[in-house]
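The block underneath contains the structure these notes are about, expressed in structure tokens.
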């Protein structure tokens, strides 16, 4: 057995294991920096407004219902009356929203959060049946004045004096929705018409809203149309429905949604959410999740990209050590384990430089700068160690190719596994071809017993 060869391979494997320690520390550092960034972004969101979702407008009609019951007493059964409060919730027959969303960044130190300002116009047509659709001509119901409620996730983002226009009337909104079904929002009183007759009226609401992360709309109408435009060039369309039409360019996007109550079943989900009396919030997940919209989260997260890159650190170091070992075998150029270790540490420092630079320059430029510095350092070092500039340049070129392949893997997430597998196969195949005539029994001067 060639003990010198076995010792060499064992030393290389030990170095690989030891180098995994600084790589683990770098991965932990990435997690810590990401958590710090998330905390700062959350603090900015608390100050400027959270992700915004609009639900409404919805007509809410408070009422009290007289319930007749029989009660057993000592003298027999007697009839008693009890009043039960409740609310009716009526959706519009037609609902449309037109909005223009302007994105910007708020900075705190080196961290940034993306915010948006939405200038929207909501229009709704209500066709209310006689007695609001109550049975028995509402003989047991005492109806209060109706109101119009609009659910808004974070009302701190409202940037204008909010009012609704219906015909020639203008009514101001006040905070609160007037119904437990909408946790946060505003409402405005409606002029009560003749409830014995069917009613039809239109409302228009101009709403300026600021928020972060995403903007969503609940399709409350039997027919719903939503049109959004923005200067944000990287939209991620979210929610239960994708836009019917979309156009995304480097200058922004334009998208249009259109749904009907056949697709949303929102009326049925609203009934389940409101319960029998319309005054309690039960099992509202289906109603609350029937939303669609756009996300403003930056698709390039330097922390996520850097963390993905560190997952390939072991592969990178292993390929570098394999190339050194191949040089020893083919060129009889002896390398000390210290040489292996220093080059391995330089590869680890590449990932440290990557995350440090990415916080200031963005991931793409940071990757380029860290790769150039790492390749230049190893090219110079190996040229001096091997006393051969051509060998140093060859190693540096191979390292540059590996960095380029890694960047391609990181950018092509769907093909990362395929590209990584092909890279490993190509390197293994190259090593097998180049060493096909090597007599491993002679490595390091050992005598050959047989070939």
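Coordinate-derived values only; no laboratory data. Bear in mind that the values here come from a model prediction, so they are computed numbers and not experimental data. A quick note on method: Cβ atoms are made from the backbone with ideal geometry, for glycine too, and the neighbour counts reach across all protein chains shown.
If you count the DSSP beta bridges with both ends in the chain, what percent of them are antiparallel, to the nearest 5? Show your work: numbers first, answer last.
On the way: 87 of 99 bridges.
Bridges in the chain are about 90 percent antiparallel.
Taking the Cβ-Cβ separation of residue 311 and residue 223 as r and a Förster radius of 45 Å, what is the calculated FRET efficiency to the nearest 0.05? The partial results should precede the final answer.
Values: r = 48 Å, r/R0 = 1.08.
The pair residue 311/residue 223 has a calculated efficiency of 0.40.
Can you give the angle from 0 to 90° between the axis of helix 3-48 and the longest principal axis of the chain, with both taken from C-alpha atoms, to the nearest 10?
30
Over all Cα pairs of the range 50-295, how is the pair count split among 5 Å bins, expressed in % and running from 0 up to the last occupied bin?
Histogramming the range 50-295 at 5 Å steps yields 1, 6, 13, 16, 17, 15, 11, 7, 5, 3, 2, 2, 1, 1, 0, 0, 0 percent.
Which of 153, 83, 179 has the fewest other C-beta atoms within 10 Å, and how do the rest follow up to the most? Working shown, then result.
Numbers: 153 21, 83 11, 179 24.
Fewest to most other Cβ atoms nearby, the residues stand as 83, 153, 179.
Gain in length, residue 163 to residue 64, computed as 0.36 nm per residue apart minus the alpha-carbon separation, to one decimal in nm? List each step's numbers first, then the result.
On the way: separation 99, 0.36 × 99 = 35.64 nm, distance 2.81 nm.
Once the chain is fully extended between residue 163 and residue 64, it gains 32.8 nm.
Compute the relative contact order of the range 50-295 as a whole-number percentage, counting only Cα pairs closer than 8 Å that sit 6 or more residues apart in sequence.
24
On a 0 to 90 degree scale, rounded to 10, what angle separates helix 416-434 from the longest Cα axis of the chain?
Here the helix axis deviates by roughly 10 degrees.
Antiparallel as a % of all DSSP beta bridges within the range 50-295, to the nearest 5?
Details: 87 of 99 bridges.
Given both bridge residues lie in the range 50-295, the antiparallel proportion sits at roughly 90 percent.
What shape does the range 18-129 have by the C-alpha gyration tensor, where a ≥ b ≥ c are the square roots of the eigenvalues, rounded means a/c under 1.5, and otherwise prolate means a/b greater than b/c and oblate the rest?
Numbers: a/c = 4.84, a/b = 1.98, b/c = 2.45.
Because a/c hits 1.5 or more and a/b fails to exceed b/c, the range 18-129 counts as oblate.
Can you give the helix-only mean residue ellipticity at 222 nm for the chain, where every DSSP H stretch with n ≥ 4 adds -39500 (n - 2.57) and the sum goes over all residues, rounded to the nearest 500 deg cm²/dmol? Each step should come with its number before you reach the end.
Numbers: 10 runs with 182 residues, N = 451.
-13500 deg cm²/dmol, from helical runs alone.
Determine, at each q value in 0.11, 0.22, 0.23, 0.27 (inverse angstroms), the log₁₀ of I(q)/I(0) that the Debye formula gives when each Cα of the range 311-389 is one equal point scatterer.
Log-scaled intensity ratios, in q order: -0.32, -1.02, -1.08, -1.31.
What is the fewest-to-most order of 81, 253 by other Cβ atoms lying within 10 Å of their Cβ? Present the calculation step by step, with values, prior to reporting the outcome.
Values: 81 9, 253 20.
Listing 81, 253 from fewest to most nearby Cβ atoms yields 81, 253.
Across the chain, what fraction of all alpha-carbon pairs, as a whole percent, falls in each successive 20 Å bin from zero upward?
19, 34, 23, 16, 7, 1
Hey, with R₀ at 41 Å, roughly what FRET efficiency would residue 17 and residue 121 work out to, going by the Cβ-Cβ distance, to 0.05? Write out the running numbers ahead of the final one.
Details: r = 63 Å, r/R0 = 1.54.
Rounded to the nearest 0.05, the efficiency is 0.05.
Per Stokes-Einstein, at 20 °C and 1.002 mPa s, what whole-number D in µm² s⁻¹ belongs to the range 354-417, with the Kirkwood radius over Cα pairs as the hydrodynamic radius?
Values: Rh = 12.7 Å.
It comes out at roughly 169 µm²/s.
Working from Cα positions, state the angle (0 to 90°, nearest 10) between the long axis of helix 313-331 and the longest principal axis of the chain.
20
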